[in-house]
Structures are given as C-alpha cells and as structure tokens.
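Engineer: Would you mind keeping the following structure in view while I ask a few things?
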Amino acid sequence: MANVEVGREGIAFTARTLRLEQMACWLMTGLLGGGGLFGYTQRNSLPSLIAGIGFGAAYGYSGYLIRGGRALDGVDLSILASSALLLAMGPRAYRTRGTVPVALSTCGALVLLRMGYISYSLRHGV
C-alpha cells in the first residue's frame, strides 16, 4: 500500500491513505442521521430517529478517530457499527425488499468489507 510508514511503533498509515475510509464514515453519518430525521418527520417514527442518530454518531466518531491518527480504533468502531446496522436492517431488507432497508444494508455491507480489509492490513502489515 502506498503512504505506509513502518517504524518502531508499528505500521502507520498516513492521512492520505485513509481518506477514503474517513469519507465513507462521514457519508454514512450524513445518510443515517438525515434518514433518521426524515423518518421521524414523515412517519413520526421515534425508533428511526434514535437509530439514525445513534448509528450516525458511531460512524462520525469513527471518522474522527481515523482522522486523528487512531486509525485502528476508528476502523474497529466502524466495523462494529456496520455489523450492527447489517444485523438490524438485513432481515428487514430481505423481508420487505424496500428501497431504504436494501440501500442501508448494502452500504453497511460495503463499509464492513472495506473496513475489514483495512483492519486486517493494519494488524498484519499487509
């Protein structure tokens, strides 16, 4: 991988390398937070608001950690958030085939795959 520094403390990815991961976290923050707010205003759904804000906050903090140099912590948090999102929305997407559950499940799965690869790379120096 480009922009990787190996030193006594281990492997350090530079900010340029993890820019895609930061943007993915912040994009998910906006989508989930905005979607939760939209669900609340349209259908008066308090669970949508709570889930959207909660998952959005987890992704936002993950992006903040990655940007602040704590890449492994941020990646691990985004893996946790993506797994929980996939567990929450996956069965609903399968059952209803609705646009929003399918889109959220797909986005969560893509972020989970990418962050899983980055986590493996950070831990094993690939």
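Engineer: Counting only residues that are under 11 Å from Asp76 (Cα atoms) and not aromatic (Phe, Trp, Tyr), how many does the stretch 112-121 have?
Structural biologist: Number of matching residues: 5.
Engineer: Also, I was wondering about something else. Which condition does Ala88 not pass, out of (1) touching a Phe, Trp or Tyr at 6+ places or on another chain (Cβ under 9 Å); (2) modelled with pLDDT of 95 or more, if it passes all the others?
Structural biologist: Result: Ala88 fails condition (2) only.
Engineer: Could I ask something else about it? From Ser62, Ser78, Ser83, which residue is among the polar types (S, T, N, Q), closer than 25 Å to Phe38 by Cα and touching a Gly at 6+ places or on another chain (Cβ under 6 Å)?
Structural biologist: Matching residue, one of Ser62, Ser78, Ser83: Ser62.
Engineer: Run down Ser119, Ser83 and say which single residue is among the hydroxyl-bearing types (Ser, Thr, Tyr), in a helix (DSSP H, G or I) and either in contact with a strand residue (DSSP E or B) (Cβ under 8 Å, 6 or more places away or on another chain) or touching a residue at least 40 places away in the same chain (Cβ under 8 Å) (or both).
Structural biologist: It is Ser119.
Engineer: I would also like to ask the following. Please determine whether any residue of the stretch 49-72 is farther than 14 Å from Cys25 by Cα, touching a helix residue (DSSP H, G or I) at 6+ places or on another chain (Cβ under 9 Å), of a type in the set (D, E, K, R) and touching a residue at least 12 places away in the same chain (Cβ under 8 Å).
Structural biologist: The answer is no; no qualifying residue exists.
Engineer: Could you please give the count of residues in the stretch 54-72 that are surrounded by fewer than 23 Cβ atoms within 10 Å (Cβ to Cβ) and either hydrophobic (A, V, I, L, M, F, W, C) or outside any helix (DSSP H, G or I) (or both)?
Structural biologist: 7
Engineer: Restricted to the stretch 27-43, and to residues that are hydrophobic (A, V, I, L, M, F, W, C) and surrounded by 18 or more Cβ atoms within 10 Å (Cβ to Cβ), which residue is farthest from Gly116 (Cα to Cα)?
Structural biologist: Leu32
Engineer: Out of the stretch 100-126, which residues are surrounded by 15 or more Cβ atoms within 10 Å (Cβ to Cβ) and aliphatic (A, V, I, L, M)?
Structural biologist: Val100, Val102, Leu104, Ala109, Val111, Leu112, Met115, Ile118, Leu122
The values are calculated or read from the model by the stated rules, or taken from the named source; none is laboratory data. A quick note: this is a predicted structure, and the numbers were derived from the prediction, not measured. All Cβ positions, glycine included, derive from the backbone under ideal geometry; neighbour counts span all protein chains shown.
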